[in-house]
1. Determine, for Ser116, Ser69, Ser172, Ser123, the number of other Cβ atoms within 10 Å of each Cβ, and report the residues in order from fewest to most.
2. Sort Phe108, Phe14, Phe26 so the one with the fewest other Cβ atoms within 10 Å of its own Cβ comes first.
3. Could you give each residue of the stretch 27-44 its phi-based ³J(HN,Hα) in whole Hz, using Karplus coefficients 6.51, -1.76, 1.60 with θ = phi - 60°, and x for Gly or Pro?
4. When the chain is modelled as a GNM with alpha-carbon springs shorter than 10 Å, which of Ala84, Ala170, Ala192 fluctuates the most?
5. Using Cα pairs under 8 angstrom and six or more residues apart, how large is the relative contact order of the stretch 96-203, in percent?
6. If we count other beta carbons within 10 Å of each Cβ, what is the order of Ile144, Ile189, Ile137, fewest first?
7. For Cα pairs less than 8 Å apart in space and 6+ apart in sequence, what is the mean separation divided by the residue count of the chain, i.e. the relative contact order in percent?
8. Build a GNM of the chain with springs between Cα atoms under 10 Å: which of Leu184, Leu89, Leu61 gets the top mean-square fluctuation?
Amino acid sequence: MDLKKILPVFSYIFHPIFVSLYGTLFFFLITNSFFYNSQIIVTLIQVTILTLLLPLSMYFLFRSLGVVSSFTEASISERKMPIAVQAVLLFVLIKFSVSRDTVAELYFFFLGGFLSSVIVLASVILKFKASLHMIGISALTCFIFGLSQYYQLPFVNLVAFCIVCMGLVASSRLYMKAHTYPELIAGIIIGAGPQVYLYQYWL
């Protein structure tokens with residue numbers, strides 16, 4: 001098995017555009033007994049539209065206009081508009097769709113994602129290219145760890161698996177020459193930092 005051929009796959013599986021949906025699906029997988037099916041379906045539809053379908057549509061629009069050139073790799077100048085759009089969509093999600101009163105865990109997960117988007121947008125303006133992939137998977141890992149603590153569930157193996165996936169994604173980004181070590185480390189900090197900070201409000 002040639003690991004070098006497999007590594008790029010992780011850049012697609014754990015692309016940051018899918019992280020919000022992964023987190024939402026996992027949340028409802030372990031808490032479905034606490035919600036009506038209609039609540040779960042509506043939330044999943046809202047999350048899918050605002051964090052996956054609209055960003056994908058905007059990506060194809062930006063690509064047709066020449067604003068971006070790649071789904072997994074983008075220069076600093078190509079990052080500004082997609083990240084700004086993502087931040088706006090996450091703000092809409094936490095402001096009008098995901099309520100703190102009904103799904104507090106998801107609310108703070110997305111709030112952390114919004115804060116990460118704002119931070120990485122600022123870094124782009126300052127000409128620094130933090131890894132969006134590492135931001136996404138580190139945020140997801142912290143969210144899963146937080147849920148394991150909140151619901152007292154034995155997710156040790158799952159959290160360990162997520163950490164391994166973080167390593168594989170980092171290796172993938174290095175192999176594809178998309179990032180340097182400092183950019184990967186910055187991505188982990190930007191992704192995990194807001195999630196860990198927000199633990200105090202829901203754990």
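Each value in this text was obtained by applying a stated rule to the coordinates, not by laboratory testing. A quick note: this is a predicted structure, and the numbers were derived from the prediction, not measured. Note that we place each Cβ from the backbone using ideal geometry, even for glycine, and neighbour counts take in every protein chain shown.
1. Values: Ser116 29, Ser69 11, Ser172 24, Ser123 19.
Fewest to most other Cβ atoms nearby, the residues stand as Ser69, Ser123, Ser172, Ser116.
2. On the way: Phe108 24, Phe14 21, Phe26 16.
Placing the least packed residue first, the sequence is Phe26, Phe14, Phe108.
3. Taking θ as phi minus 60°, the curve returns 4, 6, 5, 9, 10, 4, 6, 8, 10, 6, 4, 5, 5, 5, 5, 4, 5, 4 Hz for the stretch 27-44.
4. Largest GNM mean-square fluctuation: Ala84.
5. Details: 101 pairs, mean separation 45.7, N = 108.
Relative CO of the stretch 96-203 lands at 42 percent.
6. Numbers: Ile144 21, Ile189 17, Ile137 30.
So the residues, fewest neighbours to most, are Ile189, Ile144, Ile137.
7. Numbers: 218 pairs, mean separation 57.4, N = 203.
Computed value for the chain: 28 percent relative contact order.
8. Leu61
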